[in-house]
């Protein structure tokens with residue numbers, strides 16, 4: 001089960017009047033009534049507050065190396081097939097097979113797993129990763145820690161923290177993921193034992209809109225990563241060095257003594 005970190009010691013968390021007739025028998029006009037237009041439904045997917053599911057967790061101590069600033073943060077966008085096609089037309093893209101996306105400079109892999117168990121497919125457009133889903137589909141967020149140290153992951157859906165359902169912020173606490181470990185988040189946390197499942201639905205029906213009346217951030221999942229104090233920082237620069245390491249740096253043989 002995923003372990004959410006415990007707070008560290010050094011961190012707090014008119015009516016219109018009728019026209020007067022002139023002379024006897026003059027007709028009176030009825031007040032005009034303006035009919036407000038029906039609100040336009042935004043297209044695409046949002047994440048709804050789904051059914052209650054069992055998902056037990058416990059707490060564990062974790063003191064951040066920096067309580068307010070993550071060493072990396074990344075976004076994973078989602079939409080339905082029509083919305084995905086619109087995004088693809090708007091920018092160059094590369095379709096992917098069902099899988100997790102490597103984000104945050106290679107520190108983590110993040111994917112959306114369908115209720116049936118397989119990852120949802122998507123595409124990469126420019127510097128952003130997109131996943132394609134369907135209305136009514138249940139999903140979970142899967143994170144894999146690709147670093148050799150334990151990290152804390154603060155996760156948001158549609159701009160809301162998955163722990164408390166309130167606007168997400170770096171200062172909030174998250175889930176712990178062991179070195180090279182995997183974490184699966186099934187929904188918005190209701191208690192230490194249950195969550196409300198993530199389900200794709202309409203923007204109007206999204207939890208963000210229904211709970212807070214704010215759908216500005218619908219369609220994006222956020223991940224912020226924090227190091228533990230006392231560990232060797234796994235920086236983006238170091239991750240880049242690892243990716244650029246050359247397994248065969250020597251090109252040609254040289255004479256002895258050189």
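The values are calculated or read from the model by the stated rules, or taken from the named source; none is laboratory data. It should be emphasised that the depicted structure is a prediction, and the values quoted were computed from it without experimental measurement. Cβ placement follows ideal geometry from the backbone for every residue including glycine, while neighbour counts extend to all protein chains displayed.
Whether a residue is surrounded by fewer than 19 Cβ atoms within 10 Å (Cβ to Cβ) and in contact with a helix residue (DSSP H, G or I) (Cβ under 9 Å, 6 or more places away or on another chain) was assessed, and residue 242 passes this test.
Of 176, 143, 183, all but one fail to be in a strand (DSSP E or B), closer than 18 Å to residue 64 by Cα and touching a strand residue (DSSP E or B) at 6+ places or on another chain (Cβ under 6 Å); the exception is 176. Only one entry in 89, 94 is within 25 Å of residue 225 (Cβ to Cβ), more than 16 Å from the chain's Cα centre (by Cα), at pLDDT below 90 and not in a loop (DSSP other than H, G, I, E, B), namely 94.
Does the stretch 174-184 contain any residue that is under 16 Å from residue 139 (Cα atoms), in contact with a helix residue (DSSP H, G or I) (Cβ under 8 Å, 6 or more places away or on another chain) and buried (at least 18 other Cβ atoms within 10 Å of the Cβ)? No: the stretch 174-184 contains no residue that is under 16 Å from residue 139 (Cα atoms), in contact with a helix residue (DSSP H, G or I) (Cβ under 8 Å, 6 or more places away or on another chain) and buried (at least 18 other Cβ atoms within 10 Å of the Cβ). The criterion of being under 13 Å from the mean Cα position of the chain (by Cα) and over 26 Å from residue 136 (Cβ atoms) holds for residue 224. Any residue at all in the stretch 154-166 that's more than 28 Å from residue 228 (Cα to Cα) and in contact with a helix residue (DSSP H, G or I) (Cβ under 6 Å, 6 or more places away or on another chain)? So far as the stretch 154-166 goes, no, none of its residues is more than 28 Å from residue 228 (Cα to Cα) and in contact with a helix residue (DSSP H, G or I) (Cβ under 6 Å, 6 or more places away or on another chain). Within the stretch 117-132, being over 14 Å from the mean Cα position of the chain (by Cα) and within 19 Å of residue 186 (Cα to Cα) holds for 117, 118, 119, 120, 121. Does residue 74 fit the bill of being at pLDDT below 95, crowded, with 20+ Cβ neighbours inside 10 Å and either in contact with a helix residue (DSSP H, G or I) (Cβ under 7 Å, 6 or more places away or on another chain) or assigned to a loop (DSSP other than H, G, I, E, B) (or both)? For residue 74, the condition - at pLDDT below 95, crowded, with 20+ Cβ neighbours inside 10 Å and either in contact with a helix residue (DSSP H, G or I) (Cβ under 7 Å, 6 or more places away or on another chain) or assigned to a loop (DSSP other than H, G, I, E, B) (or both) - is met. Filtering 109, 152 for residues that are under 14 Å from the mean Cα position of the chain (by Cα) and part of a strand (DSSP E or B) leaves a single hit, 109.
In the set (1) crowded, with 21+ Cβ neighbours inside 10 Å; (2) in contact with a helix residue (DSSP H, G or I) (Cβ under 7 Å, 6 or more places away or on another chain); (3) at positive phi, the condition left unmet by residue 107 is number (3).
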